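The values are calculated or read from the model by the stated rules, or taken from the named source; none is laboratory data. Just so you know, these numbers come straight off a predicted model, no measurement behind them. Here Cβ is always computed from backbone atoms with ideal geometry, including for glycine, and neighbour counts include all displayed protein chains.
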Amino acid sequence: MNPFSSGTRLRDMIRAIRACKTAAEERGVVRKECAAIRSAISENDADYRHRNMAKLMFIHMLGYPTHFGQMECLKLIASPGFPEKRIGYLGLMLLLDERQEVLMLVTNSLKQDLNHTNQYIVGLALCALGNICSAEMARDLAPEVERLLQFRDPNVRKKAALCSIRIIKKVPDLAENFINPAASLLKEKHHGVLITGVQLCTDLCRISEDALEYFRKKCTDAVVKVLKDLVNSPYAPEYDVAGITDPFLHIRLLRFLRVLGHGDADASDSMNDLLAQVATKTESNKNAGNAILYECVETIMNIEDNSGLRVLAINILGRFLSNRDNNIRYVALNMLTRAINFDAQAVQRHRATILECVKDSDASIRKRALELVYLLVNESNVKPLTKELIDYLEISDLDFKEDLTAKICSIVDKFSPEKIWYIDQMLKVLCEAGNYVKDEVWHALIVVISNAPNLHGYTVRFLYRALQASTEQETLVKVAVWCIGEYGDMLVNNVGMLDIEDPITVTESDAADVIEIAIKSHNSDVTTRAMSLAALLKLSSRFPGCSQRVKDILVQYKGSLLLELQQRALEFNSIIEKHQNIRSALVERMPVLDEATYSGRRAGSLPAAVSSSNVTSVNLPNGVSKPAAPLVDLLDLSSDDVPAPSSSGGGDFLHDLLGVDLAPSPSQSGTQKSGTDALLDLLSIGSPTAMNNSSTPDILSLNLESKSSGGSLDRLSSISSIPAQVSSPSVTSPIVDLLDGLSASQPTIEANGQQFPSMVAFESSSLKMTFDFSKSAGSPQVTTVTATFANLSANSYTDFLFQAAVPKFLQLHLDPASSTTLPASGNGSIIQTMRITNSQHGKKPLAMRIRIGYKANGKDVLEEGQISNFPRNL
Amino acid sequence: MTIRFVLMVNKQGQTRLAQYYEYLTIDQRRALEGEIVRKCLARNEQQCSFVEHRNYKIVYRRYASLFFLVGVDNDENELAILEFIHLLVETMDRHFGNVCELDIMFHLEKAHFMLEEMVMNGCIVETNKSNILAPIQLMDKAS
């Protein structure tokens, strides 16, 4: 029975699937077929096995799971007939991959087939091995493959060569066994053996230095000769493509020469003439010829310097670039991007053409060209190039704007010759494509603006005009709102007029108008609105005439459903109403933002953020993982002489600066969080430097202690009583109490669960950790563990941090600790609860690795341990 | 030559043949095929035959109602892959005689056999059409 002609039922299935009108119908047909195949498998039906496999391959192609057919592949491979083996091997390659354990079972069949007398079966086995073999199989079967590299039939040799590539990639140690056989493949005449042999040699060179040395010394001339013969070969009908004999082999050989010549002057020398011949003689009116030229150019670029050849290569690329065929232009741009490392001058010559390609209608070409332009920019051409790109931004496709904007911003940032140019370009980008601009970009812009005092007036007037024209670009609105808030007086009084500006007349209420438009615009997100509120507060102080109007707007937001807005409105309102005497000081212009600090932060923001969130999340008793200095700086009074906010908490610097902290943090305790924030904000007025330490309790105590130093602290404590959530300066203790209460109340709730004795989980000379366990009746898998830490030494510990890791079958949820400070000699304790979910409940006991870090006497201490003596049945 | 996958897709975006030379789960495949098909089928005849997607470069070519898409590494010679697609189509043409979507659908295994003789582990094995087809014709004769 032949599986390939008799497949009536296979045909039926394909027809049925083709006839399906909807995806649901198709799923139905596939489900039915799969069910039939499964039952055939379970009945061990050998007659239809091959047909079922063909069906499974079709189903697999459609994207349905077919793992249940994997064993069938193995059975087919083990059967004696060629057709069965043929389809079995195909199924093996399609349905299985090297990660599956089933694959190990096939090693034996493969070994037998590699030694089979039928060369086609040997070929099948080699092909399968080459496509899917794993490292273990590679080790087991490498000797067979090595032997087959010298098999009499070239069709087997070529497959053995590619199979060897897979083997040496899986097990690089085996590479040296293949060097000699691979070298002898280069002497072959059969193109299939040559192309695979060259590929094997190339990959050997990549894996092993020895192989590279060997081939360079022994084979460079031979490879040059092979290519020369190929280039000069007469017409060969079976390999001819558009008048060129086997372009694929050309390309492989050129690629191998590139590897041999790279970094080696002698080898490069011996191939120069041939490369020149290929570069000049190859026909460039057909795709095949261009493919060879393209490869040849890359080889010339990568081997050791030969200026004559380089000129030839650059000329070819120039010709490519002006070609009408988009494919050729694409590869030209691609290659120029690589060539820029070798000869930037030559690439610069094509700048105008490349810039035209940025505006091409084809997205692939645009993208390549933009990458290239980005590399071409330097100090001398940044201005014209940026102008071109920004002009194009106006008319570019929407989906290209994001890439384009990011590149322009990066160019401007990197090469800007002067501040006014930087500000001009960025403002233009914001006007055109503000919605595509990333947060870092406009944050950086504000830092630059802040650092250019002579441009404040110019910038704020520009932004005022832009905002009047349109409020559609979100980031433009943000920057404008911030600038008007800070420099509103300069806007109204035309301070710092530059020669290039047209004078404008703006009244105080005009300025308030634009902010009001921004806050009411439906485009504005909560960040913009919050910034607008802050700007209004500032304006109310700069323009006393507008004070009442600002108050009216603030009142509208007192009932806002957005907590941030509501809180700001309430706070600002009370500042206007009750604290006229400190208002002007509160809303003074922000100190110049420190550029160096900002760029440093930006560069190192990632690790900083990670480490800081680790620390602060433990520090804050309410478990809010955020740096402790949000609004502080905005309201900061006495830090005018401090160049930059010195909070070491990390996090996003500009969030601090702008008083914006609206990043959706995964905190569940929103009210507590803002309560603490508000407290920090208000209390920090007296002693901002205390913010260096980001632990909330510490700040509070410091602030309270400094009561006498800050003269205004009596007022402060009254301020701090304003926000609804904050009832008294000693608010932290209720929060802690609250948490304590929670952890204390849990055991009582769960008292109806099982009881477990408590245990000393960890004890060292300086620290003791006790675990108490409880379980709720409903969920036996979940254990609540309460860890109590006691200090056994005479020094108190600060920055206390407990970390734990569990094996995969467990899930650990760690609640924040009750404190980060552990008083000396057991005069207090830290309590931390965790919930452990045991997915193997009843089978495996709990286990845990722990690490405890703290500071004692100013020194960092780290203690580690493993806990495996948990009570059973947890 | 590092070919990562070969796809044949019809005008409606339905996959007609898929051969991957690296491991992807079924879900990853479906997602990848969907994304690529959406990107490539939206392009017009004048635009170039290369599309960058994730970390692949897709080289594609349309023959009547069938799109041939080949995913390759970023440093691969795009023009050569284009030539390879043409060789694949010529080979199928020689076997099926003016190959069409239905030939591939109903003789999926044969299409795979041909591809298998041409590409192994992402590298080109053979470019001679007679050599590629010899084992397949031999098998046809035997049956």
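Residues are listed down the side, and each one gets a yes or a no for (1) polar (S, T, N, Q); (2) under 17 Å from A:W442 (Cβ atoms); (3) surrounded by 18 or more Cβ atoms within 10 Å (Cβ to Cβ):
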| position | (1), (2), (3) |
| --- | --- |
| A:G496 | no, no, no |
| A:I500 | no, no, no |
| A:T505 | yes, no, no |
| A:K520 | no, no, no |
| A:V526 | no, yes, no |
| A:A534 | no, yes, yes |
| A:K538 | no, no, yes |
| A:S541 | yes, no, yes |
Which residue out of A:L561, A:L606 is more than 27 Å from A:M490 (Cα to Cα), modelled with pLDDT of 85 or more and of a type in the set (A, V, I, L, M, F, W, C)? A:L561
Counting only residues that are over 18 Å from A:I132 (Cα atoms) and assigned to a helix (DSSP H, G or I), how many does region A:149-194 have? 19
Any residue that is in a helix (DSSP H, G or I), over 25 Å from B:E126 (Cα atoms) and either over 44 Å from the mean Cα position of the chain (by Cα) or within 14 Å of another protein chain (Cβ to nearest Cβ) (or both) - is there at least one of those in region A:260-271? yes
So, in region B:101-129, exactly how many residues are in a strand (DSSP E or B) and closer than 21 Å to B:F67 by Cβ? 2
Which of the residues spanning region A:334-389 are β-branched (V, I, T), within 14 Å of another protein chain (Cβ to nearest Cβ) and under 26 Å from B:L41 (Cα atoms)? A:I365
Just the residues that are out of contact with any Asp or Glu (no Cβ under 7 Å at 6 or more places or on another chain), within 12 Å of chain A (Cβ to nearest Cβ) and in a strand (DSSP E or B), please, taken from region B:41-69. B:V51, B:E52, B:I58, B:Y60, B:R61
State the number of residues belonging to region B:70-81 that are under 15 Å from B:T15 (Cα atoms) and either away from chain A (no Cβ under 14 Å) or not in a strand (DSSP E or B) (or both). 1
Every residue in region A:285-306 that is part of a loop (DSSP other than H, G, I, E, B), more than 11 Å from every other protein chain (Cβ to nearest Cβ) and either within 14 Å of A:A332 (Cα to Cα) or not polar (S, T, N, Q) (or both), please. A:I303, A:E304, A:D305
Examine region A:114-130 for a residue that is over 23 Å from B:C123 (Cα atoms) and either facing chain B (nearest Cβ under 9 Å) or of a type in the set (A, V, I, L, M) (or both), and state whether such a residue exists. no
Output the residue which, of all residues in region A:42-81 that are part of a helix (DSSP H, G or I) and more than 28 Å from B:F5 (Cβ to Cβ), is nearest to the other protein chains (Cβ to nearest Cβ). A:A78
Only residues that are at the interface with chain A (Cβ under 10 Å from one of its Cβ atoms) and not charged (D, E, K, R): list them for region B:31-40, please. B:A31, B:G34
Pick from region B:13-61, criterion over 19 Å from B:F84 (Cα atoms) and of a type in the set (S, T, Y), ranking: surrounded by the most Cβ atoms within 10 Å (Cβ to Cβ): B:T15
Only residues that are farther than 22 Å from B:L115 by Cα and among the charged types (D, E, K, R): list them for region A:57-88, please. A:E72, A:K75
Scan region A:545-569 residue by residue and report those that are within 12 Å of A:A530 (Cα to Cα), in contact (Cβ under 8 Å) with a residue 12 or more places away in the chain and assigned to a helix (DSSP H, G or I). A:L554, A:Y557, A:L563, A:E564, A:L565, A:Q567, A:R568, A:A569
Of B:E116, B:E126, B:E76, the only residue that is charged (D, E, K, R), more than 14 Å from the chain's Cα centre (by Cα), surrounded by 23 or more Cβ atoms within 10 Å (Cβ to Cβ) and at pLDDT below 95 is B:E126
Applying the selection to region A:169-217, what residues are of a type in the set (D, E), within 14 Å of another protein chain (Cβ to nearest Cβ) and within 36 Å of the chain's Cα centre (by Cα)? A:D203
From the option list A:S574, A:S540, single residue qualifying as over 42 Å from the mean Cα position of the chain (by Cα) and within 22 Å of A:V514 (Cβ to Cβ) is A:S540
Hey, which of the helices (runs of 4 or more DSSP H) in region A:332-437, taking only ones fully inside, have at least 2 residues that are modelled with pLDDT of 85 or more and on the phi > 0 side of the Ramachandran plot? none
Of a type in the set (D, E, K, R), closer than 15 Å to B:E117 by Cα, within 12 Å of another protein chain (Cβ to nearest Cβ) and without any contact (Cβ under 8 Å) to a residue 60 or more places away in the chain: is that true of A:K158 in this structure? yes
Within region A:289-321, which residues are under 18 Å from A:I244 (Cα atoms) and out of contact with any Ser or Thr (no Cβ under 9 Å at 6 or more places or on another chain)? A:A291, A:Y294, A:E295, A:V297
Do we have any residue at all in region A:45-66 that's buried (at least 16 other Cβ atoms within 10 Å of the Cβ) and over 20 Å from B:Q19 (Cα atoms)? yes
Against the condition buried (at least 16 other Cβ atoms within 10 Å of the Cβ) and outside any helix (DSSP H, G or I), how does A:L593 come out, does it pass? yes
The conditions are (1) in a helix (DSSP H, G or I); (2) modelled with pLDDT under 95; (3) out of contact with any Asp or Glu (no Cβ under 9 Å at 6 or more places or on another chain), and B:N98 fails exactly one of them. Which is it? (1)
Is it true that some residue in region B:106-122 is farther than 19 Å from A:L92 by Cα and more than 8 Å from chain A (Cβ to nearest Cβ)? no
How many of the residues in region A:133-155 are within 12 Å of another protein chain (Cβ to nearest Cβ), surrounded by fewer than 24 Cβ atoms within 10 Å (Cβ to Cβ) and closer than 15 Å to A:Y89 by Cβ? 0
